[in-house]
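Only one structure is covered here, and it is reproduced in the block below.
The values are calculated or read from the model by the stated rules, or taken from the named source; none is laboratory data. Values in this document were obtained by computation on a predicted structure and should not be read as measured data. Backbone-built Cβ (ideal geometry, glycine too); neighbour counts: all protein chains shown. Protein only, heavy atoms only, side chains kept; ligands, DNA and RNA dropped before computing areas. Shrake-Rupley method; radii C 1.70, N 1.55, O 1.52, S 1.80 Å.
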Amino acid sequence: MEKVTFGEANIPGYEIGDKSAPAIIVLQEWWGVTENIKAQAEHLSKSGYRCLIPDLYKGKLGVNVEEAHHLMDNLDWPTAKEEICAAAKYLKDTGSPSVGCVGFCMGGALTLIGAQHSDDIVCAAPFYGTPDPSICQTEKISKPILAHFGEL
């Protein structure tokens with residue numbers, strides 16, 4: 001896995017896998033880009049996918065619940081939406097024939113945001129996490145979604 005920057009804003013992230021392979025954007029939980037999120041990308045890459053983890057917190061990590069909550073509350077969601085769209089465009093422009101998106105908790109909400117707002121994302125798999133309707137209207141998503149939720 002290598003550190004990369006992408007998009008016009010030089011967004012930081014981590015990339016793994018063959019550039020010609022179908023791609024998956026792996027979105028962080030509220031903790032930030034943790035070793036667990038990197039392990040998810042590594043696991044997916046072993047199945048033949050190229051993975052990109054955009055670092056939406058720009059290197060910051062929540063080391064406890066209070067910090068993670070603070071980081072999530074201070075996330076600029078419209079900018080995160082644009083960065084996810086830029087990630088999908090980067091993956092398509094640099095060789096991946098198709099792009100999907102997966103995320104857990106906060107990343108699940110971001111996955112749905114990406115699915116609605118990026119024409120380059122063709123499918124998404126959120127694991128819990130629901131976006132604010134002011135930034136994502138899930139009823140407008142027309143591409144395949146495999147959503148995983150526990151008790152609601």
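For the range 22-32, a residue qualifies if it is assigned to a loop (DSSP other than H, G, I, E, B) and of a type outside the set (Phe, Trp, Tyr), and the qualifying residues are Pro22, Gln28. Kindly indicate whether Leu91 is of a type outside the set (D, E, K, R), surrounded by 21 or more Cβ atoms within 10 Å (Cβ to Cβ) and over 12 Å from the mean Cα position of the chain (by Cα). In short, yes.
Restricting attention to the range 100-116 and to residues that are over 13 Å from Lys81 (Cα atoms) and touching a Leu at 6+ places or on another chain (Cβ under 8 Å), the residue that is least open to solvent (accessible area, probe 1.4 Å) turns out to be Gly103. Open to solvent by 10 Å² or more (accessible area, probe 1.4 Å), part of a helix (DSSP H, G or I) and farther than 15 Å from Pro22 by Cβ: is that true of Glu151 in this structure? The answer is no for Glu151. Hey, among Thr130, Thr111, which residue is of a type in the set (Ser, Thr, Tyr), touching a residue at least 12 places away in the same chain (Cβ under 8 Å) and assigned to a helix (DSSP H, G or I)? The unique qualifying residue is Thr111. Restricted to the range 33-57, and to residues there that are part of a loop (DSSP other than H, G, I, E, B) and either at pLDDT below 95 or over 14 Å from the mean Cα position of the chain (by Cα) (or both), the residue that is surrounded by the most Cβ atoms within 10 Å (Cβ to Cβ) is Tyr49. Applying the set (1) among the small types (Gly, Ala, Ser); (2) in contact with a helix residue (DSSP H, G or I) (Cβ under 8 Å, 6 or more places away or on another chain); (3) open to solvent by 20 Å² or more (accessible area, probe 1.4 Å) to Gly13 leaves exactly one unmet item: (3).
Taking the criterion of being surrounded by 12 or more Cβ atoms within 10 Å (Cβ to Cβ), not aliphatic (A, V, I, L, M) and not in a helix (DSSP H, G or I), the residues of the range 60-84 that qualify are Lys60, Gly62.
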